[in-house]
Amino acid sequence: MLRAMTLAVCFVAAALPVGAAQKNKGANRFGGMDRNGDGVITRQEWNGSDQSFKVHDWNGDGVLSGPEVQPGGRRPKTARQDGPAFDSAYRDYEFDDWTSQGFDGLDHNRDGRLTGDEWHFNREGFRRADHNGDGVVTRAEFLGDEAWDDDVEDRVGFMDLNHDGRVTRQEWHGTKAAFDRLDGNSDGVLSGTEVNGIEPPPDLFTSVDVNRDGQVTRDEWHWSRASFDQRDRNRDARLSREEFAAGAQTQTQSRAYQAGFERGRSEGLQAGREDRERNQGWDLEGQRELETADSGYTQAIGSHAEYQAGYRDGFRPAYREGFGK
C-alpha cells in the first residue's frame, strides 16, 4: 500500500510540471528560444537582430511575453488618432495594422480580399500574408492563425543575422509551412527575389488612386492628415500626381541634403542596373545602402541626418530608373 501511494504521489508530482511545460511550450510561438522555460524571451535569448526584437516587443518592456509570444499573434491596434507620416513615394512605409479595422481600411471595394492594387506598402508584407500564393490576401490570411504563423510584422532583412542577403530556416521566426511557401526553389533559404518578387511594384500614385480619377482624396490616403495637407498645395482636399510627388521635395535643401541626394541618385542608378542585368529581380527595399544611407559622407559635409535623408530621396527613384521598368 505504501509503495502504491508513493508511486501515485511521484506520478502526480512528475506529470503536472511536464504537462504544464508542454502546454507553455506549445503556447509560445518562439518557444525554441526560451532556454530557461519561463515563458519569457529576453534579448539574450532572441535569435535575431535588435530591429527584429523591437518589432515583437509591442509594449517596449525589453522582453517578449504574454500576447507577444502567442502563436499567430498580431500587434494590437494602437490608440493613435492619426496615421503615420508618409515618408516617400517609393513604398518605404511599413504596414502595422494587422487587425480587422486595418483590413477594412485597405479593402476599398469591400469584396473581402486584398489585391496588389489595394496594397500600398512594402511588398514583402503582402507576399508573406498571401499564404496560398494566389496573388490575393483574404481576411483570414490577413489576420493570421496559429497553424500558419507568417510572422508578417518582422522584416526578412531583420532576420538576416549574418548579412548575406538570405534567410535560412534557423534565422526564420515563422512556421515551416510559411517558410516553404516562400522558398520557391526549395533550397532551404529565402532570397530577396523570393520574398519581394521579380517585377517592380506598380506606380504608387495609381495604386493609391483607387477610383482611377487622377486624384487622391483623403478617403484614399492611408497616412497622416499632416502628410496629406503638406502636399495639398492648393487646399482643395485632393492631391494631383504633381502634388503627390512634390511632397518628397519639401526637405530643407541644405548642402548636406544635396550631397546625399546626388550620391544616392548615382548609387541608386547603379544598383537598379545591376539588379536588372543580373536578373536579380526588383529588390529596392533589400538594398543595404538604404540602411545606413551614408555612403560617401564625411563630417565636413554637414548634418549626418540631412545627408541620409537626401541619400534615400535620391536613391529610391534612381533605382527604379536604373531598373528600367
So, of the residues in the stretch 166-188 that are surrounded by fewer than 17 Cβ atoms within 10 Å (Cβ to Cβ) and within 23 Å of residue 30 (Cα to Cα), which turns out to be farthest from the chain's Cα centre (by Cα)? 188
In the stretch 210-242, what residues are outside any strand (DSSP E or B) and basic (Lys, Arg)? 212, 218, 225, 231, 233, 235, 241
Every residue in the stretch 41-73 that is under 17 Å from residue 98 (Cβ atoms) and out of contact with any Asp or Glu (no Cβ under 7 Å at 6 or more places or on another chain), please. 54, 59, 67, 69, 70, 73
Any residue that is at positive phi and either surrounded by 15 or more Cβ atoms within 10 Å (Cβ to Cβ) or part of a helix (DSSP H, G or I) (or both) - is there at least one of those in the stretch 275-289? yes
Residue in the stretch 251-296 that is farthest from the chain's Cα centre (by Cα), counting only those that are among the hydroxyl-bearing types (Ser, Thr, Tyr) and over 24 Å from residue 164 (Cα atoms): 254
In this structure, is residue 40 surrounded by 10 or more Cβ atoms within 10 Å (Cβ to Cβ) and either under 29 Å from residue 123 (Cα atoms) or modelled with pLDDT under 50 (or both)? no
Of all residues making up the stretch 152-171, the number that are in a loop (DSSP other than H, G, I, E, B), under 19 Å from residue 58 (Cα atoms) and not acidic (Asp, Glu): 2
Please verify whether the stretch 113-121 includes one or more residues that are at pLDDT below 85, surrounded by 15 or more Cβ atoms within 10 Å (Cβ to Cβ) and of a type in the set (A, V, I, L, M). no
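Results for (1) at pLDDT 85 or above; (2) among the β-branched types (Val, Ile, Thr); (3) farther than 20 Å from residue 152 by Cα, shown as yes or no for each residue.
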residue: 169; (1), (2), (3): yes, no, no
residue: 173; (1), (2), (3): yes, no, no
residue: 181; (1), (2), (3): yes, no, no
residue: 188; (1), (2), (3): yes, no, no
residue: 192; (1), (2), (3): no, no, no
residue: 197; (1), (2), (3): no, no, no
residue: 207; (1), (2), (3): no, no, yes
residue: 213; (1), (2), (3): yes, no, yes
residue: 219; (1), (2), (3): yes, no, yes
Some residue of the stretch 208-221 being touching a Gly at 6+ places or on another chain (Cβ under 9 Å), among the polar types (S, T, N, Q) and outside the structural domain of residue 318 (by TED's automatic domain parsing): no
Of these, 297, 257, 307, which one is at pLDDT 90 or above, more than 29 Å from residue 198 (Cα to Cα) and part of a loop (DSSP other than H, G, I, E, B)? 297
Can you tell me which of 174, 157, 165, 197 is of a type outside the set (A, V, I, L, M, F, W, C) and over 22 Å from residue 46 (Cα atoms)? 197
What about residue 180, is it part of a helix (DSSP H, G or I), under 30 Å from residue 69 (Cα atoms) and not hydrophobic (A, V, I, L, M, F, W, C)? yes
Does any residue in the stretch 161-172 that is in contact (Cβ under 8 Å) with a residue 12 or more places away in the chain come within less than 6 Å, Cβ to Cβ, of a residue that is buried (at least 18 other Cβ atoms within 10 Å of the Cβ) and part of a loop (DSSP other than H, G, I, E, B) six or more places away or on a different chain, and which pairs are these? 161/171; 166/191; 167/160
Are there any pairs, at least 6 apart or on different chains, whose C-beta atoms fall under 8 Å, with the first in the stretch 54-70 and without any contact (Cβ under 8 Å) to a residue 12 or more places away in the chain and the second of a type in the set (Asp, Glu), and if so, which? 57/68; 59/68
Given (1) surrounded by 17 or more Cβ atoms within 10 Å (Cβ to Cβ); (2) modelled with pLDDT of 85 or more, number of the condition residue 139 does not satisfy: (1)
So residue 149, is it part of a loop (DSSP other than H, G, I, E, B) and free of Cβ contacts under 8 Å to residues at least 40 places away in the same chain: no
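The values are calculated or read from the model by the stated rules, or taken from the named source; none is laboratory data. The model shown is predicted, which means the values in this text are computed figures rather than measured ones. Note that each Cβ is placed from the backbone with ideal geometry, even for glycine, and that neighbours are counted across all protein chains shown.
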